[in-house]
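One structure is given here, and the rest of the page talks about it.
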Amino acid sequence: MLRRAGHEMRNALSGVSVNVEVVRSRLERGKPGDDLTSFAERARLQVGVATMLGDCLLSLINSVLVAVADGSLQSVSGNGAGSQMELMIYGDRRDNILADIRRLANLTGVAVEERDQRVILKVLPEGKSHSKD
Amino acid sequence: MKRPKVLIADDDRSITEGLSAILRDEGYEVAVAIDGQKALDQLGTEPFGVVLADLKMPKVDGLALLKELQQRAIPTECIIVTGQATVDSAVQAMREGAYDYVEKPLTADKLNRLKALIPKALEKFTVQQKNRELSSKLEGLTHYGELTGQSEEMRGVYQIIEAVAPSNASVLIFGESGTGKELVARALHAKSERAKGPFFALNCAALPKDILENELFGHEKGAFTGSVNEKPGAFEMADGGTIFLDEVAEMPTDIQVKLLRAIESRSIRRLGGKKEIDVDIRILAATNRDLQKALSENDLREDLYYRLAVVELFLPPLRERLGDVKLLANEFLVRYAEQNGKALSGFDDAAWEWILSYNWPGNVRELKNAVERAVIMSRGDKIKASDIMPRHLQRTGEFAAAITVPPGATLADTRRQLVLRAFASTNGDYARTATIVGMSAADVRAEIASLLNGGGRAGESTSAPAVNGAQHPAKPADAAPAVAKASKAPVKASASPKSKGKKR
């Protein structure tokens with residue numbers, strides 16, 4: 001999920017960079033064009049995506065660190081390819097951790113399933129994430 | 001001017017929209033494909049010089065796209081842009097034929113790098129595209145300037161001419177007598193920027209020393225007894241054009257010194273003259289001599305050799321381009337039948353058998369003369385073997401007693417030569433040929449038939465063996481200047497230059 005989040009973050013930052021570059025270069029040339037604001041708007045949206053991804057990532061890392069420390073997160077197992085992971089989450093913190101996982105999962109194309117105490121994360125095929133478009 | 005086309009294959013709209021605008025502002029025509037499959041579809045219908053492909057895309061990812069491009073031989077240069085950069089993926093992308101690899105996020109520096117990479121990739125694409133187009137043109141080419149031949153060996157020669165002609169480099173043409181060295185020189189001149197200038201050919205072996213010197217450099221009035229007028233030499237007459245020095249290794253060594261000086265200083269002094277005359281010429285030279293021997297025996301000055309042989313071009317003997325024999329024989333037949341007012345429909349089978357089995361030591365010139373003689377001598381509607389066979393061979397029944405198999409000859413080439421040689425020696429007796437070579441008569445018939453039906457033409461036999469004849473004139477083995485050899489690389493061809501001499 002972190003690898004996928006990294007990919008999405010780089011895409012969002014690239015979106016910011018290329019659209020800002022369009023605005024910068026056109027203003028520099030003195031030929032802004034009618035669609036200049038659309039590039040500025042796209043850059044703004046991608047800043048939002050990158051910010052949200054960063055925030056989700058930091059929240060999840062924080063939750064996981066706390067959960068590991070107080071024993072709420074007790075076991076982690078995954079398949080060899082890294083496309084699936086199983087977590088055992090107990091106690092009061094379960095809902096908070098799950099909420100952080102779901103936020104990042106939603107942005108990075110990862111499906112979340114709950115089975116009793118188990119939380120199963122599955123990395124979806126490329127292109128299923130929600131940060132694009 | 002047509003704008004170069006770039007395809008962006010990425011599923012992230014925020015990137016494709018921004019990148020498209022940047023590249024359009026840079027002067028490119030840009031199209032977008034939102035996944036690898038759509039990129040392939042677009043590349044299949046219209047050419048793009050460069051593809052910017054994301055490594056991770058739905059349906060067909062960047063690496064799979066590269067593989068497909070290779071497999072389908074779709075011409076384009078692919079730059080991989082990825083947010084999941086790893087050493088492995090970079091190595092794999094380059095291995096699959098990517099032009100380059102740029103990591104996301106596309107910061108200002110990386111965008112600048114990408115902007116700098118695209119023209120370079122486009123340049124590579126353009127050069128390769130040009131080569132592909134010219135290569136396909138050459139595929140069926142039977143004539144080039146005044147040269148005739150569609151064998152791979154001759155296509156290699158055309159390729160070198162195309163590459164070298166526009167430059168001002170001196171070219172030394174090697175080849176046995178009768179292979180068409182002067183025609184190559186004419187083609188080099190005709191395809192150069194000097195084509196509108198004069199082409200002056202001089203045979204260095206045909207003239208005595210004093211006359212050769214006079215022909216090359218000219219003389220002033222009163223330079224020697226009987227020189228009542230001044231006379232410009234070949235260098236002056238070829239000013240602004242090309243001078244072709246045939247059989248240059250036969251040139252007396254003291255004239256070689258003067259020639260070297262003229263080449264280096266780009267000026268000459270007439271015999272009996274005091275002033276230097278500037279000349280703007282390109283020098284082409286040819287020899288049929290064993291150059292190694294000529295250099296070691298000081299017949300050709302080494303410093304002159306290096307000046308003349310900036311590029312070397314080897315013209316293969318006719319026996320090494322068996323596929324061209326039939327083409328040339330038919331062409332000469334049509335030409336001489338027309339010139340002599342004869343209604344000839346072709347060669348009979350025995351004549352073909354002889355033509356294709358003879359090793360033509362005098363090369364194209366010998367074949368041309370043999371066909372001309374045969375046309376004149378023939379009485380029927382077809383040329384017979386007795387019409388075309390040289391008198392001395394008819395009288396003695398002489399045939400080459402041995403065949404030489406050079407390295408690189410295939411078993412099929414060698415077998416064909418063996419069969420043809422035996423067939424010719426038995427005057428076309430299939431049964432006797434079969435006994436001699438240890439094959440069935442049916443196999444002998446099939447072998448002969450395959451050759452008569454064009455089985456020995458270009459593409460099949462790329463290394464026909466040299467048969468009992470002189471080998472290539474040897475080239476200096478070490479320290480040779482840039483050597484251009486006939487290669488199989490895609491080549492450039494263009495319209496034939498204006499022909500002034502006879503076609504060979």
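The values are calculated or read from the model by the stated rules, or taken from the named source; none is laboratory data. Predicted model only: the values in this text are computed from it and were never measured. Here Cβ is always computed from backbone atoms with ideal geometry, including for glycine, and neighbour counts include all displayed protein chains.
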| request: Please find, among B:Val91, B:Val60, B:Val30, the residue that is touching a Ser or Thr at 6+ places or on another chain (Cβ under 9 Å) and either within 25 Å of A:Leu13 (Cα to Cα) or acidic (Asp, Glu) (or both). | output: B:Val30
| Which residue, of B:Ala294, B:Ala286, B:Ala249, B:Ala329, is under 29 Å from the mean Cα position of the chain (by Cα) and in a strand (DSSP E or B)? | B:Ala286
| query | How about region B:1-11: which of its residues are away from chain A (no Cβ under 11 Å) and either outside any loop (DSSP other than H, G, I, E, B) or under 14 Å from A:Val23 (Cβ atoms) (or both)? | reply | B:Lys5, B:Val6, B:Leu7, B:Ala9
| task | Output the number of residues of region B:264-289 satisfying the condition of being farther than 23 Å from B:Ala223 by Cα and in contact with a helix residue (DSSP H, G or I) (Cβ under 8 Å, 6 or more places away or on another chain). | result | 10
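Scan the helices (runs of 4 or more DSSP H) fully inside region B:366-462 and keep the ones with 2 or more residues being at pLDDT 80 or above.
Working: elements: B:385-388, B:391-396, B:411-425, B:430-437, B:441-450.
By residue number, B:385-388, B:411-425, B:430-437, B:441-450.
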| Selected residue [of a type in the set (Gly, Ala, Ser), in a loop (DSSP other than H, G, I, E, B) and either touching an Asp or Glu at 6+ places or on another chain (Cβ under 8 Å) or buried (at least 24 other Cβ atoms within 10 Å of the Cβ) (or both)] from B:Ala343, B:Ala351 | B:Ala343
| Would you say B:Glu302 is without any contact (Cβ under 8 Å) to a residue 40 or more places away in the chain and in the same structural domain as B:Leu216 (by TED's automatic domain parsing)? | yes
| said: Conditions first: (1) touching a Leu at 6+ places or on another chain (Cβ under 8 Å); (2) not assigned by TED's automatic domain parsing to the domain that holds B:Arg194. B:Leu259 passes all but one, so which condition is the exception? | reply: (2)
| query | Which condition does B:Pro4 not pass, out of (1) touching a Pro at 6+ places or on another chain (Cβ under 9 Å); (2) over 24 Å from A:Pro32 (Cβ atoms); (3) free of Cβ contacts under 8 Å to residues at least 60 places away in the same chain, if it passes all the others? | reply | (3)
| Criterion (loosely packed, with under 14 Cβ neighbours inside 10 Å and among the aliphatic types (A, V, I, L, M)) met by exactly one of B:Ala53, B:Ala116 | B:Ala116
| request: Need at least 3 residues that are without any contact (Cβ under 8 Å) to a residue 60 or more places away in the chain and within 14 Å of chain A (Cβ to nearest Cβ) per element, so show me which helices (runs of 4 or more DSSP H) inside region B:12-127 make the cut, counting only ones lying wholly within it. | output: B:13-25, B:36-45, B:62-71
| request: Return the total of residues in region B:307-326 being buried (at least 20 other Cβ atoms within 10 Å of the Cβ), in a loop (DSSP other than H, G, I, E, B) and not basic (Lys, Arg). | output: 4
| query | If only one of A:Arg42, A:Arg103, A:Arg94 is modelled with pLDDT of 90 or more and either more than 10 Å from every other protein chain (Cβ to nearest Cβ) or surrounded by 13 or more Cβ atoms within 10 Å (Cβ to Cβ) (or both), which one is it? | reply | A:Arg42
| query | Of B:Val51, B:Val102, which residue is touching a strand residue (DSSP E or B) at 6+ places or on another chain (Cβ under 8 Å), modelled with pLDDT of 95 or more and not charged (D, E, K, R)? | reply | B:Val51
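Let me confirm something: among B:Asp12, B:Asp35, B:Asp41, which residue is touching a Ser or Thr at 6+ places or on another chain (Cβ under 8 Å) and either assigned by TED's automatic domain parsing to the domain that holds B:Arg72 or surrounded by fewer than 23 Cβ atoms within 10 Å (Cβ to Cβ) (or both)? If you could, list the steps in order and put the result at the bottom.
On the way: B:Asp35 fails: touching a Ser or Thr at 6+ places or on another chain (Cβ under 8 Å); B:Asp41 fails: touching a Ser or Thr at 6+ places or on another chain (Cβ under 8 Å).
Going through B:Asp12, B:Asp35, B:Asp41 in turn, the sole match is B:Asp12.
Taking region B:56-83, which residues are among the polar types (S, T, N, Q) and surrounded by 18 or more Cβ atoms within 10 Å (Cβ to Cβ)?
Step one: of region B:56-83, the residues among the polar types (S, T, N, Q) are B:70-71, B:76, B:82.
If the condition is that a residue be among the polar types (S, T, N, Q) and surrounded by 18 or more Cβ atoms within 10 Å (Cβ to Cβ), then B:Thr76, B:Thr82 are the ones that fit.
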| Looking at region B:202-223, which of its residues are surrounded by 20 or more Cβ atoms within 10 Å (Cβ to Cβ) and assigned to a loop (DSSP other than H, G, I, E, B)? | B:Cys204
| note | Filtering region A:45-67 down to residues that are facing another protein chain (nearest Cβ under 9 Å) and over 15 Å from A:Gly6 (Cα atoms) yields A:Leu45
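Within region A:8-20, track down each residue that is touching a residue at least 40 places away in the same chain (Cβ under 8 Å) and at the interface with chain B (Cβ under 7 Å from one of its Cβ atoms).
Filtering region A:8-20 down to residues touching a residue at least 40 places away in the same chain (Cβ under 8 Å) leaves A:8-9, A:11-12.
Within region A:8-20, A:Asn11 is the sole residue that qualifies.
Restricting to region A:21-37, give me the number of residues that are touching a helix residue (DSSP H, G or I) at 6+ places or on another chain (Cβ under 7 Å), more than 8 Å from every other protein chain (Cβ to nearest Cβ) and β-branched (Val, Ile, Thr).
Number satisfying all stated conditions: 1.
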